[in-house]
Each structure stands twice: as structure tokens, then as C-alpha cells.
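The values are calculated or read from the model by the stated rules, or taken from the named source; none is laboratory data. Note that this is a predicted model, so its numbers are computed, not measured. All Cβ positions, even for glycine, are placed from backbone atoms using ideal geometry, and neighbour counts span all protein chains on display. The accessibility values were calculated without ligands, DNA or RNA, using every heavy atom of the protein model including side chains. Shrake-Rupley method; radii C 1.70, N 1.55, O 1.52, S 1.80 Å.
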Amino acid sequence: SSVVCECGYTHEQHLEEATWPCAFQGKEWDPKKHVQEMPTDAFGDIAFMGLGQKVGKYVRLSQDTPSSVIYHLITQHWGLDVPNLLISVTGGAKDFNMKPRLKNVFRRGLVKVAQTTGAWIITGGTHTGVMKQVGEAVRDFSLSSSYNEGEVVTIGIATWGTLHNREGLIHPTGGFPAEYIVDEDGQGHLTCLDSNHSHFILVDDGTHGRYGVEIPLRTKLEKFISEQTKERGGVAIKIPIVCVVLEGGPGTLHTIYNAITNGTPCVIVEGSGRVADVIAQVAGLVWRGEVVALAMQAGRTRAQGSGFVFGASFFPAPWRGQEAHSLPRSSLRECLLQIQDIVRRRQLLTIFREGKDGQQDVDVAILQALLKASRSHDHFGHENWDHQLKLAVAWNRVDIARSEIFTDERQWKPSELHPMMTAALISNKPEFVKLFLEHGVRLKELVTWDSLLYLYKNLDPSCLFHCKLQKVAIGEIHRAAVSDHGSAPHVSPWGPCPGSQPLMSPWGPRLGLSLCSCPGCAIWRGHSLTLSPGIRDWDSAAVTQVYLFCPGVFTECYRKDEERAQKLLIRVSEAWGKTTCLQLALEAKDMKFVSHGGIQAFLTKVWWGHLCVDNGLWRVILCMLAFPLLYTDLTSFRCPPGCGAVRGLPRIRAFFTAPVVIFHLNILWYFVFLCLFAYVLMVDFQTTPSCCEYLLYFWLFSLVCEELRQVRPLTVFMYFSDFWNKLDIAAILLFIAGLTCRLIPALLYSGRVILSLDFIMFCLRLMHIFTISKTLGPKIIIMKRMMKDVFFFLFLLAVWVVSFGVAKQAILIHNESRVDWIFRGVVYQSYLTIFGEIPAYIDGVNFSLDHCSPNGTDPYKPKCPESDATRQAPAFPQWLTVILLCLYLLFANILLLNLLIAMFNYTFQQVQEHTDQIWKFQRHDLIEEYHSRPPAPPPFILLSHLHLFIRRVVLKIPAKRHKQLKNKLEKNEEAALLAWEIYLKENYLQNQQCQRTQRPEQKIQDISNKYGSRDSPLREMPLPPAVP
């Protein structure tokens, strides 16, 4: 009923001056004259109702707004990073059906190329047709990706006059946010915005209901963006653009033609329908000028006015059945000519055929189309390949670089890769660094003072490289400043650096971190406790992560190659003070690392020497007792490849130099030593030493020589840090004290007493020997920990024993002067009472004066208690002594003993969880001791000591000990070993990253973080004018 203007709006929707009767009568409507521009009244944030916290940006613009203004708005006010790639998606504007598999492939590939390359996706922005397909692809990515993967930038450029519910977007001061309702049921001939796009540019020319208004502005904007240059890491490239086509009609065909004409590569998705399928099927034909005429003649004309239906005999299936789709003859010829021109530019046309010609992913097809288009007349030879490599680095697609650029067709010189290597370092792209290193880039040639200075200026200040370079620069300045005043202290470029977190960034695990880093970080964690809090917190997170990931790296190495992994353990590292990874772990007391199965397998291998580890222990002992059995096949030997079987004297030598054999020989002869010691003490201890006693002294002398040999290669502090070494020294000194007294006739008995006590200490030494046992070893460890509980318990017990003993002695006995009997009454009898030996004179029931001395004159009897001599009855208060006894037994026997049991139980449970780790850690000390020990047991070990003295002192032959525990590799072998370790370390870190991102709880957390982080404050921005 309302009058509709040429612009599409009703009479009431116009401005007042436009409704005057005589204002524009008799004049033809002209948009340039009859449309007035005003400041935009629709801009800010847009929130889609009913879709949670999805918030985007939007602006209403005039159709003639300069592209530079729009680009400034996007990059400066909206804060989007300059893209590495521009993807323009075009096609059918109405909903169409795609095969489910092709739909999934398209969605996955489009989002992947946008996310990995940092691209912008530009579409029509509405919730229909191809724009809907792109929006759903972005939605699926948002729901399945982690929070750290970032968002995909999708910019929708739509016509303002065709939007349904656009009134909700009008806010003269900006909408923060403006609430928009997607109402597909009530949109009629209009359309709604797609809620999965992140940014919207709404183009207005003053009309209502007219589609296609945004096309000229979109074309100019895409061309303007593609002419911009992005520089990163010293490499500048123009932003490439690609057009992706799905389905579509004549309008889409015209868009493809314009793109091809302007030199924009196009990717046609075959199977999506209509124009896309037509171009895909005829792309393989040879189009000439006469083909158009033949096509016109082959068509059949119908009497439908001037309409012309596409020829069924000429066009393929996609258009053949569309009987209702008719065009004028002139339009048909124009379409045929456009298709002819499109397929002629093969370097700009790429057909994606899902599952055909080896094509699987749309992202690869898009990037291949750009690389193919770059091989145009603008680039020749090396310049062409260099441009393609710049694109691959900018996109961060090392897979494309490997398959399309680093091929046999082009041989790269290492010097040609230096600029891109620098760009990859600055851009933090480790995969490209790895690729360039594989193709011959040498760091010695790349790294100069100029390049280091350039890296320092361009790296992010929070980057690890920047911090390390800064330390190097400070060190150089410091050394130069004090060169006239002596040498300056060395500033390590890889020391702790404030703010640097090597494992937080992608570069941390890949730079200078080997297996030695794990125990090294454990040492740092231990020493950092003595540092100031500021310094201690510098690298706490990084050190902790290195400490945690090293066991996993070693597991990966050991799983791939046991021999190489064990070489990493004993490789002498110059960077860590010419020590090994295993030694660092022992120094740091890193029980978790040392208890690793691979390290324990290596220790077992060292323990068995040249013997096979599957030899039974009974076989070893049998061959020890009867060595001719070695010439049989009772025991098997392990020998290097190509050495053949071990025979003859080398077989005997290999057997008796194995640490396991040395250990059991020492046990056997140590038992002989203890038996000899006991025999001398109990049977043959005479005034004049016997032959057995002289043999005992000679045996002890061999033990003293062995202890001196152990002290020589170690510092005194390190030697005495071991408890068992302290016990050995104490036993030897006590033996020397007993021997001194024994040789003095007047102190003969005292000497025997001291030697008897010393025998106990030598028996305790057996506990250390049995720590190698997997059964007894953990129990000995638990017992050592319980001894600490016992000493703590004795303090509490002493309080009750002494208090009760003194009170009892004072009540019962009057003026006892004999110290020994005071000790007996206060301590000894009170202690025995705990175990049930109740004193007979504590009350009058068993009171008797026959077992005591009334005056305390008998040295073998205690003094009698207070008593009545006439009645022969006790005079002390019996009720009081009985109460004290009951209280004493209650607290000492019930409370304290049960406390001790509870303490033992708690210690057992606490230690039992880590007993296996502790035992495996301490097992190394015993293995190392017997690995370096001479093969002969005491007292025959003196012959080995004499042999060593001649070799070291007389002949000056250097020692060759610890071959199996410390190995200095050749440079080439070491480089190959480290390269292998780095390769497996990369695989391990990538697998860990994939596992973390695939965990359901991690995905839920990432989605929560992603949608929870959009409540950030929104700021106003100045916007260009637009029409009302």
C-alpha cells in the first residue's frame, strides 16, 4: 500500500527534504545525485543473540569509501595483523548441497590453510550459500581447536540494503555490543549475517533489496590489500591473493573471469556444482575460436521469446539438465568466451579433484595454486624460486617447501638460504630452521657479528635468543672495559637469564638442551635454594620443564637404539665440565632419572662385564670354585661384533675381571676373614700372637691398602661423604687401637675386648655388601631410615626412664654411694622393667633382705631398701611405688612403644613408595666400586696393588679406568650421536604436544578460555562516513 521509491525504500523511510512534492519531479532517479552521505550510525561490536559470547566487529560504509581507509580501519582500529595470504571465497549465494566427504575436505582444508599461514578469508558474510559453508568450517575449527591455536579471521563484505533485522545494528554512538538476531524464517527476500564470521563490512549505496552492491568495493579492497607489502625478518613480500570457487552461476563466472584477468590464481572445487563443475570438466579441452561457433550451432533454440537454452549436446552434465536456466544468445556467447579465456590461463587455474590425481587436501591445492601462479613473467630463474620460498616461510608451511620447492628441479646453495634462515629465526619457525640445516646451511658461516647484531635488533625482547645475545653483548663490553685492569669474569651466554623460559617457547627444547640438561637442572634446583629469591625465580619454570621432559627423551632414545642411548649416558661433555650425563645425575641425586629402566640396564651390563647378563648366578659361583669349568659352555660371554668367541686365557681374564665375579669373590673371602677373626678371638688369642693371628694382621693390612687406593682418585671430602667409608675407617682405627693394647702385656685383655667390639663393626659391613640384592637391598634402606626414628624415640624414652628411675631409687634406697649400682638402679633396672622384668622389692609381697646388702658393703649385692629391721618388712610407701610403676608401664610400655611402632609403620609406607628408586640409585655406587676394584680379593689384592704401583709410579703408564662409565668420543661420532638425539627429541616433543592438545579435558579448557576471553573492554573507534 506504501509508495516505493526507485531506491527501494518507502515514502516514510526518506528524509523530509526528499519527500517535498516539487523537489525531484520530472527527473530520472540517479544514485549519485539523489543519495546523500551522512556520518555512519552503525559500527562497533556485534553480538549474535542466542549464541553465547560470540562477539565480532562491524561497520557500515559507503560504497565509494577508499580502500586505504578500510584497510587502516581493519589493521589499526580492529587490531588485525597484516595477513600473509588473502583468500577470497566466492560461489553460489543460495544454499546448495555438497557431498558430505567433499564438504568435510573443503572445510578442513580451508581452515587449515588460513590458520597455518595467518590468512584472511573474505566472503559475502551472509548465512547462505558458500558463505554459510565457510562459516560452518570456522565454527567446527573453533570447537575442536585448542586455545593456543588462535582464531581464523573471516571478513564478511555484505550489502547493507539486503540485511534482515539491520535496524538493531544502528547506534549513532556505536554499538558495544549491538545485538543482532538471526531470523532465517522471517527474512523473506532479504538475508541474515553469518554468526561464524569475525568481522563485517556492510556496504550501503542508499538502496534497499538490491544484491551485488558490495562487489565493486570488495574487488577494489582485495586488489589494494594484495598490493601491500609485509616485511618480517628482513624478507618483504607482497600479500598474495587466491580465489576459491564453489558452485555458482553466471555472476560467479564473471568473478572468476575478472580474477583471472587481473592475475589472481583461482582454485575450482570440482563436485560443488554448476559453474565450478563446468570449468573443471572443460579445463582439459583445447579451446579455440571456432569452438565457440560450433557450440552456438550445436545448441538448440526454443521458442521462448528471445531465450536460448544451453545445448545438451555440447555442455557437460552440470548444466545439461538445467532446463529452466536460460540466457539470451548474446549472454551465452559472452559466457563461452569467458570460459575460453579462463581455461587458457592454465598457470592461474587449479582444479581440486577430491581423491584424484593424488589430491587430498584443499589447503595444499590453494598453496600450490599460489606457487604455480608465482611462476609468471614477473619472476625468472633464481628470483622465481626465491619468491616461492619467501611465500612458504611466510605461510609457515614446511610441507609445501619440501614437496614443491626443495626438489631435484632446483639445487640450492647454502648461501642462498641465509636470508630465509634469518627470517625463520626471527619469526620463530623451528621447522624451517631444521629444513635449512638439512640442506647445508652452516651456522659458522651464517653467524657473524653483523648477523648477530641484526638478530638482536629484530628479535622479540621476550625471546630466549634476545636474552642470550644481550648477555653476550654485555660480556664483550665488560671485558673490553676492564682489559686494562686485568681479565674480566666470563659471562656465560647460556646462564640463567631473567624472563627467559626455554621450554615455554617453541625454541627452548631445540636449542642446547640434551640429556645432560636434566641432571644439570636438578643441580641448579638444588643450588638455587641458596640464591636470592629474584635470581632463583628467573628460570624456575624453564628448569622444571627441562627436568621433567629429559626422562621422556631418554625413553625415546632407548626405545629406538639401546646402544646409542647408553653412549649418551657416558659421553664426556665439554659443555658440562668434561663430565657425563650419568655423573651429573648422581651429583644431583636425581633418583628418578637414575632409576630409569635404560640406565639400570646399562648398569647391569657394566655389572656383568664381558659375561652375558642371562648367566645364572649359580653358574658364576660354580666357575669361581672350579675355574676349569670356564672351558666348557657352562657360562656364555658377550663380545663385540667380529671378535669371535672368547677362548683360552682371555676367557679366564674376562671372567675374573667382571664386577659380578669380583664382588662374589670378595664376599667369599670376606666371610673367610670374619671366620678367621672370630677364631682368633674365641679360640686362639694367646699371649704371643699365633700364625692365624699374624695372618689376620696381614689381611687387615691389605684392607688398609685398598682403602688408601680408593681415597687417592677422590677428594677426602667425597670419600668421607659415604657412610660405609666412614664405617670402614672406624673399624680399621678400632682394630689398630685393639692391636696396640694387645701387644702390651698389661693391656692384653683390654685389647681383646676392643677387638671383640671391632668384630661387630666388620660384621655390620656385610650390610653394604648385600645392598646389591634386589630382595635385601630395599629392606636395608628401610632399616637405615628407621634408625633415625629409633634415635628420636630414645630421647622420649630417656625422659621416662630417668624420671622413674631417679624417683624409684630415691624412695627405695637411702644414700647409695656406689656409682655402678646407682646406674643399675636408675637406668638399667628401669629399662628392663619395660620388657617385663619387675623389681622384686617394689612392694612387700616378695620382699626379702637375703638378696641385698643392708649397709651397701657387698660389691656384688645392691643396697637394701628402706625397711623395718624388727618386723623384716619394708618401711617405704608401697602404695606410692606401685602407682609409679603402673604409670611408668602405661606411658613407657604402652604409649611410647606403640608410638615407635607407628613411626616405623609410617616410615615404611613413606619409604616403600620410593624404595625401588633409592635402591637403584645406591646400586650404582656398589657397581662403580667393584668396576674399578682390582680383581683379586684381600689378601691377594696386595699383588694387584704392587702391579698398579709398578705401572703408575715406575713405568708412568696412565690409568685407563672407567672405560664403560666414561667415554670420550671422536668429533664425528659425537656429532652423529647428538644429531640422532636431537631428531628423537623433536619427535618426542611433537608427540607430547599432540597428546596434550588431544586430551578431552584440555579441549574443554581451551574452549572455555577462548570464549571466556572475549569479555575484554571494547573501545570506540573513529569510522568513515556512510549513507543513512
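A few notes on this one:
Table: residues versus (1) in contact (Cβ under 8 Å) with a residue 12 or more places away in the chain; (2) within 30 Å of LEU733 (Cα to Cα); (3) open to solvent by 80 Å² or more (accessible area, probe 1.4 Å).
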| residue | (1), (2), (3) |
| --- | --- |
| LEU625 | no, no, yes |
| THR632 | no, no, no |
| SER636 | yes, no, no |
| PRO659 | yes, yes, no |
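- Positions within region 213-226 being over 23 Å from MET38 (Cβ atoms) and either at pLDDT 90 or above or more than 42 Å from the chain's Cα centre (by Cα) (or both), in sequence order: ILE215, THR219, GLU222, LYS223, PHE224, ILE225
- Helices (runs of 4 or more DSSP H) contained in region 234-349 and holding at least 1 residues at pLDDT 85 or above, of a type in the set (Ser, Thr, Tyr) and in contact with a helix residue (DSSP H, G or I) (Cβ under 7 Å, 6 or more places away or on another chain): 250-261
- Residue that is modelled with the lowest pLDDT [pool: residues in region 936-973 that are assigned to a helix (DSSP H, G or I) and in contact with a Ser or Thr (Cβ under 9 Å, 6 or more places away or on another chain)]: HIS945
- Evaluation of SER144 against (1) within 22 Å of TYR180 (Cβ to Cβ); (2) hydroxyl-bearing (Ser, Thr, Tyr); (3) out of contact with any strand residue (DSSP E or B) (no Cβ under 6 Å at 6 or more places or on another chain) (one fails), failing number: (1)
- Of all residues in region 175-194 being open to solvent by less than 20 Å² (accessible area, probe 1.4 Å) and modelled with pLDDT of 85 or more, the one that is farthest from VAL55 (Cα to Cα): THR191
- Considering residues of region 47-75 that are modelled with pLDDT of 90 or more and hydrophobic (A, V, I, L, M, F, W, C) only, the residue nearest to ILE215 (Cα to Cα): LEU61
- Test result for ARG402, touching a Pro at 6+ places or on another chain (Cβ under 7 Å) and open to solvent by 70 Å² or more (accessible area, probe 1.4 Å): no
- Of all the listed residues (PHE762, PHE770, PHE735, PHE723), the sole one being in contact with a Gly (Cβ under 9 Å, 6 or more places away or on another chain) and of a type in the set (Phe, Trp, Tyr) is PHE770.
- Any chance PHE106 is assigned to a helix (DSSP H, G or I) and aromatic (Phe, Trp, Tyr): yes
- Count of region 72-103 residues, restricted to those that are in a helix (DSSP H, G or I) and open to solvent by less than 30 Å² (accessible area, probe 1.4 Å), is 4.
- Of all the residues in region 681-696, those that are touching a helix residue (DSSP H, G or I) at 6+ places or on another chain (Cβ under 7 Å) and either in contact (Cβ under 8 Å) with a residue 60 or more places away in the chain or open to solvent by 30 Å² or more (accessible area, probe 1.4 Å) (or both) number 5.
- For region 911-931, a residue qualifies if it is open to solvent by 30 Å² or more (accessible area, probe 1.4 Å) and either in contact (Cβ under 8 Å) with a residue 40 or more places away in the chain or over 29 Å from the mean Cα position of the chain (by Cα) (or both), and the qualifying residues are GLN912, HIS914, ASP916, GLN917, LYS920, GLN922, ASP925, GLU928, GLU929, HIS931.
- Considering residues of region 160-174 that are aliphatic (A, V, I, L, M) and surrounded by 15 or more Cβ atoms within 10 Å (Cβ to Cβ) only, the residue nearest to ASP95 (Cα to Cα): LEU163
- Looking across region 59-71 at every residue that is within 47 Å of the chain's Cα centre (by Cα) and of a type outside the set (Val, Ile, Thr), the one that is most open to solvent (accessible area, probe 1.4 Å) is identified as SER68.
- Flag for PHE759 being under 45 Å from the mean Cα position of the chain (by Cα) and either farther than 30 Å from HIS947 by Cα or loosely packed, with under 13 Cβ neighbours inside 10 Å (or both): no
- VAL606 within 37 Å of the chain's Cα centre (by Cα) and under 23 Å from PRO938 (Cβ atoms): yes
- Taken over region 135-159, the residue count meeting the criterion of being surrounded by 23 or more Cβ atoms within 10 Å (Cβ to Cβ), closer than 21 Å to PHE106 by Cβ and polar (S, T, N, Q) is 1.
- Candidate set from region 697-739 (those that are under 26 Å from PHE949 (Cβ atoms) and of a type in the set (S, T, N, Q)); member that is least open to solvent (accessible area, probe 1.4 Å): SER702
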